[in-house]
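A.B. asks: Structure incoming, see below.
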Amino acid sequence: MIEVKNVMKSFNGQQVLSDINHQFETGKVNLIIGQSGQGKSVLAKCIVGLYEVDEGQILFDGRNFTDMERFERSQIREEIGMLFQGVALFDSLTVEQNIMFPLTMFTNMTKGEMQKRVDFCLDRVNLSGRNKLFPAECSGGMQKRIGIARAISMNPKYLFCDEPNSGLDPKTSIVIDGLIKDITAEFNMTTVVITHDMNSVIEIGQSILFIHQGKKWWSGDKNSILTTDNPEILSFVYASEFMKEIRSIMQEKRT
Amino acid sequence: MKLLQNIGKYTLMLTMVFTKPKKWKIFLSRLINELENIGISSLPIVALMSTFIGGVIALQTASSMSNPLLPKYTVGYITQSSTILEFSPTIISLILAGKVGSNVASEIGTMRVTEQIDALEIMGVNSLNHLVLPKIIAAILFFPVLIIFSMTLSMLGGWMALMITDLTTTETYVLGLRAFFNPFHITYALTKTVVFGFLIVSVSSFYGYYVKGGSINVGQASTQAVVSSSVAILVANLILTQLLLLS
């Protein structure tokens, strides 16, 4: 479990996160949603330590990450996998070398053991046999899946995904969402997904945190978000005509 | 004020760079790659520049030798001393600041804006140590090799130019090369080279590592890296000359 306690963050005097308190549960896909520019990615970067918080604490299974020295933080970071919005694969390395990188850096596995792990991870994301390709030779969807394979290569306890569906078609997005949901359950990870994609909310939103104006505005699950009366959430969830139509059908059914 | 801030930030960066690598095997593998990227790939440009400029130095000196009191071997002597003292260590380093500096800044800068550096940090890797240390060590190790190569080719270029134009004989030229030769000048040149190599790579890494924004900013950082490392070379050249030759 990851606990966020009273987290505050500002940039150049502008408050971006105000007093955020939340728990991200183990074995579930925890979504952070909200409109662009509301502080979702900043919160995620604060949690993983890419940004230092101004106030508050981040706890990974009770371990206070905020007060740790760099060396102690690296030990926790070895338990974190992250899929970046732009994937961030190392473009000078092949798919296999990308996935193998954390293994060579942090484990004492033999070459054979590492190869087995790479093959397992690639198989898990349905990319068996693509070991020798370079990231530039892969499609956007494939790159996301390679990113997930690299993120899970160290068998992490915590998985962060920043906009995993950005730039992907709806069908591929569903594949990626399904993959995130499956591996979360399979490896019993604490998964945090930052998204503003309503399809993802419906598909995998087991626990949802809605951020608005840098504050925790609402939290719940995928069922409760569709029935809430919170005006900010309504304007976010039912922004498109299609979703408005769905809402009116749902309301008709209820009456 | 900004300059002082940058110097402080640069010093802090170096404290992160010069730490023990997590895995020596990975460090050595990266070092070998960097020796190729920074060193071996620079051989053609160094060869071209050195041969031609060596030729020009010899021809210019020969064309100015109107005074009959000057011995004929002066052409070789001036080619040797200007090559060893200044042309090879300083001018070639300035050229390498353009080639290597822009390459380092744009490579690291692109890694920064595409979140590859964040990915390293998230994994728990000291990204500065992982990315920059092998580049600095490669430059420190290989720049002296490049400069010795440059000195040799420059003097050879001078000889070829003189032979083609028939301005002197091989014996006279070689006599000039050997005249008043001071082995300490080689030590002085190589010391400068090591310092220049360090400055080029570390300053360029600094601009690449702390870039913010997108491709335009990476381009600007690359230009800034070349300008700043060239200025750093000129300042260091003055200080080292004062310290090594005149004190």
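The values are calculated or read from the model by the stated rules, or taken from the named source; none is laboratory data. The shown structure was predicted, so the numbers you read here are calculated from the model rather than taken from an experiment. Note that we place each Cβ from the backbone using ideal geometry, even for glycine, and neighbour counts take in every protein chain shown.
A.B. asks: Restricting attention to helices (runs of 4 or more DSSP H) lying wholly within the range B:17-98, give those where 1 or more residues are within 30 Å of residue A:102 (Cα to Cα) and not acidic (Asp, Glu).
C.D. replies: Those helices (runs of 4 or more DSSP H) span B:24-34.
A.B. asks: Residue B:198 - would you say it is at positive phi and in contact (Cβ under 8 Å) with a residue 40 or more places away in the chain?
C.D. replies: No; evaluated as a whole, the condition is false for this residue.
A.B. asks: Quick check on the range A:93-111: of everything there that is more than 10 Å from every other protein chain (Cβ to nearest Cβ) and part of a helix (DSSP H, G or I), which residue is farthest from residue A:144 (Cα to Cα)?
C.D. replies: Applying the filter and picking the extreme gives A:111.
A.B. asks: In the range A:136-174, which residues are within 16 Å of the chain's Cα centre (by Cα), buried (at least 17 other Cβ atoms within 10 Å of the Cβ) and hydrophobic (A, V, I, L, M, F, W, C)?
C.D. replies: Hits for the range A:136-174 are A:146, A:148, A:149, A:151, A:152, A:159, A:160, A:161, A:168.
A.B. asks: Could you check residue B:176 against (1) touching a Ser or Thr at 6+ places or on another chain (Cβ under 7 Å); (2) without any contact (Cβ under 8 Å) to a residue 24 or more places away in the chain and say which number it fails?
C.D. replies: (2)
A.B. asks: Sticking with this one: Please give the number of the condition residue A:154 fails out of (1) touching a residue at least 60 places away in the same chain (Cβ under 8 Å); (2) aliphatic (A, V, I, L, M); (3) more than 12 Å from chain B (Cβ to nearest Cβ).
C.D. replies: Result: residue A:154 fails condition (3) only.
A.B. asks: Here is a further query. Within the range A:175-232, track down each residue that is in a helix (DSSP H, G or I), closer than 21 Å to residue A:246 by Cβ and touching a residue at least 60 places away in the same chain (Cβ under 8 Å).
C.D. replies: A:200, A:201, A:204, listed by residue number.
Residue-by-condition table, conditions (1) more than 7 Å from chain B (Cβ to nearest Cβ); (2) of a type in the set (Ser, Thr, Tyr):
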{"site": "A:53", "(1), (2)": "yes, no"}
{"site": "A:59", "(1), (2)": "yes, no"}
{"site": "A:63", "(1), (2)": "yes, no"}
{"site": "A:67", "(1), (2)": "yes, no"}
{"site": "A:74", "(1), (2)": "no, yes"}
{"site": "A:78", "(1), (2)": "no, no"}
{"site": "A:91", "(1), (2)": "yes, no"}
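A.B. asks: If you go through the range A:118-131 one residue at a time, do you hit one that is assigned to a strand (DSSP E or B) and either farther than 23 Å from residue A:207 by Cβ or out of contact with any Gly (no Cβ under 6 Å at 6 or more places or on another chain) (or both)?
C.D. replies: no
A.B. asks: Restricting to the range A:40-51, and then to whatever is closer than 16 Å to residue A:5 by Cα and not in a helix (DSSP H, G or I), can you tell me which residue is nearest to the other protein chains (Cβ to nearest Cβ)?
C.D. replies: Among them, the one singled out is A:49.
A.B. asks: I need the full set of residues from the range A:112-137 which are within 14 Å of another protein chain (Cβ to nearest Cβ) and free of Cβ contacts under 8 Å to residues at least 40 places away in the same chain, in order please.
C.D. replies: Correct list: A:114 only.
A.B. asks: Do we find that residue B:65 is more than 22 Å from residue B:193 (Cα to Cα) and more than 14 Å from every other protein chain (Cβ to nearest Cβ) in this structure?
C.D. replies: The answer is yes for residue B:65.
A.B. asks: Residue A:59: in contact (Cβ under 8 Å) with a residue 40 or more places away in the chain and either surrounded by 21 or more Cβ atoms within 10 Å (Cβ to Cβ) or farther than 15 Å from residue B:123 by Cβ (or both), yes or no?
C.D. replies: yes
A.B. asks: Determine which single condition residue B:125 fails, assuming it passes every other condition in (1) assigned to a helix (DSSP H, G or I); (2) within 14 Å of chain A (Cβ to nearest Cβ).
C.D. replies: Single failed check for residue B:125: (1).
A.B. asks: Out of all the residues in the range A:119-134, is one or more outside the structural domain of residue A:42 (by TED's automatic domain parsing), closer than 17 Å to residue B:114 by Cα and surrounded by fewer than 18 Cβ atoms within 10 Å (Cβ to Cβ)?
C.D. replies: yes
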